[in-house]
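**Student:** Here's a structure for you.
Every number here is computed from the coordinates shown, using simple stated rules; none is lab data. As the structure is a prediction and not an experimental result, all values here were calculated from the model. Virtual Cβ from ideal backbone geometry, glycine too; neighbours counted across all protein chains shown.
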Amino acid sequence: MAAYYNNETLIYRDGAFVKAAEAKMDLYSQSLHYGYSVFEGIRSYRTVSGETRIFRAEEHYDRLQRSAEALNLPYHWNTEELIRATYQLLEKNNQQDAYIRPIVYGPANMSFSVNTESFIAIQTWEMSPFLGNKALRVFTSSFQRPNPKAFNMQAKAAGHYVNSIMASQEAKAKGFDEALLTDLDGFVAEGPGANVFVEKDGQLFTPSLGHILPGLTRKTVLELCTQLGITVTEKKISLEELKSADTAFFCGTAAETVGWSGIDETVFPLKWEDSLSYVVQKAYLATVTERSLDEAKNLLARKMEAVV
Ligand code: PMP
C-alpha cells in the first residue's frame, strides 16, 4: 500500500492541525459501519508561476457541503474557511502537487438516526501531474452504477464506492486496467472514479447527467471543448456506439484525462496522439497549471490542416 503519511505529516481535523499518525477516530462511528460519510477528491498544482493552486477549490468544497446535506450529515463549516485551512495544510506539509481528501463523518451511532454532530478531516499527500498516456484497456463491468432512486448520485458518498471497488477489482482480475460501468438501462455511465468521453468522427460525446457523478473535470473538459471549438454532445451512449468509437478517455480529478486503447475485445482504431482527445488532454494539463492554451490550440490547428 502507498505511504500516505509519515510521522511528521499533519492533517486538518475539526479546526486544528494534528499529526496524521496520532489522529484517532471512534470505531463505533456510524460512518465506519454503514459507509455513511461524504468526501471530496481535490488536487493542487504547482503552477507555471511557482505558486500552489488548488484546482476549482470552491466548487469542490461546495460539492462537499451539498453531499453532506443530501445525506443529512450536519455541516457546520464554510467553503472559505476550508480552502484557507487547506492552503495552510499544504504549506505545513510542504506540498504543492498534492491530492487533497476532505471527509465528513458521523459520531458513534449504531442506529440509523440523524446525528446532531459530525466531524471533518482533511488529508493531503504528494501526487505529481500525469504527463504521459497509459492507454488503458477497459473492461465492461458486470456491475452497474446504482439506481439513482436508490442513492443520490450527485452526492460523493463513501458507501457508493463499494460499487466502484467491486467493479475495479473485477476488471483487474480479468487482466484489464480499469472498469467501465453502465447505468441500469445498459448505457455507458462512468468509471469507478472518473467520467467518460468518447471520440467519433472528430466530435466528442459524454453521458448525460442522471446516473453519474457530475464531475468537475467533466465540466472543465466541456468548457475546454467550447474554448477550443471542439464539438461535444451530452447524450445517452450505448455500448455498441462505444465499441465503434475512434477513441475514448476517462477524466477525473485524480485521473486527470487518460486515454483508452480499447474496450473489452475491441481495440480503438485512432492513435491517441492523433485524436482530438489528446488535444483536450494537453489543454487540461495547461489549465490546471495555469499555462496558456496556445500549445493545445496550435496542435488543434495542425490537425485541422492535416484533415483539409
Ligand atoms: N465519477 C466518480 C464515480 C468519481 O468518483 C469521480 C471522482 N471524484 C468522478 C466521476 C470525477 O469527478 P471529478 O472530476 O469531480 O473528480
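**Student:** Kindly provide the helix-only [θ] at 222 nm of the chain, computed as the sum of -39,500 (n - 2.57) over DSSP H runs of four or more divided by all residues, to the nearest 500 deg cm²/dmol?
**Tutor:** When only DSSP H runs of four or more count, the value is -9000 deg cm²/dmol.
**Student:** How large is the dipole of region 50-205 about the Cα centre if only Lys and Arg carry +1 and Asp and Glu carry -1, each at its Cβ, rounded to the nearest 20 debye?
**Tutor:** 340
**Student:** Further question: Treating only the Cβ of Lys, Arg, Asp and Glu as charged (+1, +1, -1, -1), what charge dipole size does the chain show about its Cα centre? Round to the nearest 20 debye.
**Tutor:** Roughly 120 debye, rounded to the nearest 20.
**Student:** Distance in nm between label sites at R84 and T231, each 7 Å beyond Cα in the beta-carbon direction?
**Tutor:** 4.9
**Student:** Next question. When the convex hull of the Cα atoms of the chain is projected onto a plane and the area is averaged over all directions, what value comes out in nm²?
**Tutor:** 16.2
**Student:** In addition: Ranked from highest to lowest mean number of other Cβ atoms within 10 Å per residue, what is the order of the peptides 202-208, 119-125?
**Tutor:** In decreasing order of mean packing, 202-208, 119-125 become 119-125, 202-208.
**Student:** Only Cα pairs within less than 10 Å get springs; with that Gaussian network setup on the chain, which residue of S128, S67, S261 has the largest fluctuation?
**Tutor:** Taking springs between Cα atoms under 10 Å, the residue moving most is S128.
**Student:** Sorted by packing (mean other beta-carbon atoms within 10 Å per residue), highest first, where do 15-27, 214-226 land?
**Tutor:** Descending packing order for the listed peptides: 214-226, 15-27.
**Student:** Excluding residues on the same chain fewer than 8 positions from K236, give the lysines whose Cα lies under 16 Å from its Cα.
**Tutor:** Within the straight-line cut-off, K236 pairs with K200.
**Student:** If you average the C-alpha positions of region 92-130 and of region 132-171 separately, how far apart do those two centres end up, in angstrom?
**Tutor:** Using only Cα atoms to place each centre, the spacing works out to 20 Å.
**Student:** State the Cα centre-to-centre distance between region 237-284 and region 1-74 in whole Å.
**Tutor:** Spelled out, the Cα-based centre of one part sits 30 Å from the other.
**Student:** Too long at a 19 Å Cα-Cα cut-off: which of K134/K235; K219/K282; K174/K271?
**Tutor:** Long pairs (Cα-Cα over 19 Å): K134/K235; K174/K271.
**Student:** Sticking with this one: Can you give the direction-averaged projected area of the convex hull of the alpha-carbon atoms in region 56-131, in nm²?
**Tutor:** 6.2
**Student:** When the chain is fully extended, how far beyond the present Cα-Cα distance does A3 get from D294, taking 0.36 nm per residue of separation?
**Tutor:** Here the segment from A3 to D294 would lengthen by 101.0 nm.
**Student:** 7 Å from Cα along Cα→Cβ at both A306 and E273: what's the point-to-point distance in nm?
**Tutor:** 0.9
**Student:** Quote the FRET efficiency, to the nearest 0.05, computed for S244 versus I165 with a Förster distance R0 of 35 Å and r equal to the Cβ-Cβ distance.
**Tutor:** Once rounded, the FRET efficiency stands at 0.70.
**Student:** Mind checking the full-extension length gain between N147 and D201? Use 0.36 nm per residue of separation minus the Cα-Cα distance, one decimal, nm.
**Tutor:** Extra length available between N147 and D201 comes to 16.3 nm.
**Student:** Scan region 135-213 for trypsin sites (Lys or Arg not before Pro) in coil per DSSP, keeping those whose Cβ has at most 16 other Cβ atoms within 10 Å, and list them by number.
**Tutor:** Of the trypsin sites (Lys or Arg not before Pro), the ones in loops of region 135-213 whose Cβ has at most 16 other Cβ atoms within 10 Å are K149, K174.
**Student:** Please work out how much length the chain gains when fully extended from L184 to E59, using 0.36 nm per residue of separation minus the C-alpha to C-alpha distance, in nm with one decimal.
**Tutor:** 42.2 nm
**Student:** Once you have the Kirkwood Rh of region 201-308 from its Cα pairs, apply Stokes-Einstein at 10 °C and 1.306 mPa s and quote D in µm²/s.
**Tutor:** 110
**Student:** Identify the GluC sites (Glu not before Pro) of region 244-304 meeting these criteria: DSSP loop state and at most 13 other C-beta atoms within 10 Å of the C-beta.
**Tutor:** Sparse-neighbourhood loop GluC sites (Glu not before Pro): E265.
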